[in-house]
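Working notes, structure below.
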Amino acid sequence: MTAEQTPVRRRGPSMADVARLAGVSGQTVSRVANGRHNVDADTRERVLAAMREVGYRPNSAARALRNGRFRSIGVIVFELSSFGNTRTLDAIAAAATTRGYAVNLLPVLDASQEAVSGAFSRLGEQAVDGVIILIEAHTLDDAEVPLPDGLPVVVVDSSAHYDYPIVDTDQAQGARLATEHLLDLGHQTVWHLGGPPSSFAAARRLRSWQQTLTDRGRPVPPVLVGDWSAGSGYEAGRQLADNPDVSAVFVANDQMALGLLRALHERGRAVPEDVSVVGFDDQEEAAQFWPPLTTIRQSFAEVGRRSVDALINEIQAGEHHHQPVSVATELVVRSSTAPPR
């Protein structure tokens, strides 16, 4: 190829191009590109608009070399298909984006020490500034998974075993609200359909239900256990529907409550006239169940936001603080609960 035939390589848009178009200094463009806060809102928007117009993209690799930050967080998640994990992950991604961080997702097939340690190693190769662990299982503690030194970590929905920030919904408060609501309606006791034993959330809800009944001097019925699915709620519901002593049930999540409602309907037990039902989660479909489901609303958006905030605070401070964060729940009363006949 002759010199005349050699293609000319066009350079990409530069920081100087952005500065000229926005009418600001190159230093101001650099501040905006690096997510600094010492730029007023109007100027920042003008610079961002100029970046979009010329097609300028900050070089994140070069920026990381300059300031030692990658503007990226890793999320290790187990049981990606579960309702709570999916909603929390969505919230984490939204909160991280708002704070100018990318998210590297790394699902693990089990919560064993080997799997989680391997996930940390892979995230280390991807250059992240910190990690959020979203593993809703006792196995995380039982396996005594060693969390890496020097890397900011936040654990969502686990025990307080780790010397890292723990962010979780106030499960005990939610279970107490559900149980007290049914007792206050006049039911002599409340039955419970719990989640799987491997779940911290299920265990905390069960303990709070038991404690609330004990504190009120009410009998504590035997617990039925499901696996969070509507199918397991249906199977447990067939047992509860055949028991004439059952007039109120607190179910550990909305999906199992859906199966329970079907079993009660099939057995001719009217809801709420014969049996009152309370769920937990307040998923979008809960208001469309028949009857619309009374449930406990937990704010996955708030859990996600607080998790990201806690992690970024660790990243910026360069040290971690063992400070658990508990997000409040709310009782949402609909048509599936009423006083007993």
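With 0.36 nm allotted per residue and the present C-alpha distance subtracted, the Ala127-Ala94 stretch has 9.9 nm of extension available.
Each residue of region 324-341 was assigned a 3J(HN,Hα) from its phi angle through the Karplus expression (A = 6.51, B = -1.76, C = 1.60, θ = phi - 60°), giving x, 10, 10, 9, 5, 10, 9, 7, 10, 8, 10, 9, 8, 10, 6, x, x, 4 Hz with x at Gly and Pro.
Accessible area of region 15-58 with a 1.4 Å probe: how many percent of it is carbon plus sulfur? List each step's numbers first, then the result.
Values: 1290 of 2690 Å².
Percent of accessible area from carbon and sulfur atoms in region 15-58: 48.
Label-to-label distance for Asp40 and Leu185 is 5.8 nm, based on points extended 7 Å past Cα in the beta-carbon direction.
Between the beta carbons of Thr214 and Ala102, assuming R0 = 51 Å, the FRET efficiency works out to 0.60 to the nearest 0.05.
Rounded to two decimals, the Cα-based Rg/Rh of region 256-319, with Kirkwood Rh, is 1.32.
Near the amide H of Val131, within less than 5 Å, lie the amide hydrogens of Gly74, Val153, Val154, all on another chain or at least 5 residues away, with H placed in the peptide plane. Between Ser14 and Gln288, the C-beta separation translates, for a Förster distance of 45 Å, into a calculated FRET efficiency of about 0.25. Rounded to the nearest 0.05, what FRET efficiency do Ser335 and Leu109 have when you use their Cβ-Cβ distance and R0 = 35 Å? Taking R0 as 35 Å, the efficiency between Ser335 and Leu109 is 0.30. With the simple model of a label 7 Å out from the Cα in the direction of the Cβ, Ser81 to Asp309 spans 3.4 nm. Heavy-atom accessible area with a 1.4 Å probe sorts Phe280, Phe120, largest first, into Phe120, Phe280. A crude spin-label estimate for the pair Val223 and Asn243, with each label 7 Å from Cα along the Cβ direction, gives 1.4 nm.
The values are calculated or read from the model by the stated rules, or taken from the named source; none is laboratory data. The structure presented is a predicted model; accordingly, all values stated were derived computationally and were not measured. Note: ideal-geometry Cβ built from the backbone for every residue, glycine included; neighbour counts use all protein chains shown. For accessibility, only protein heavy atoms count, side chains too; no ligands or nucleic acids. Shrake-Rupley method; radii C 1.70, N 1.55, O 1.52, S 1.80 Å.
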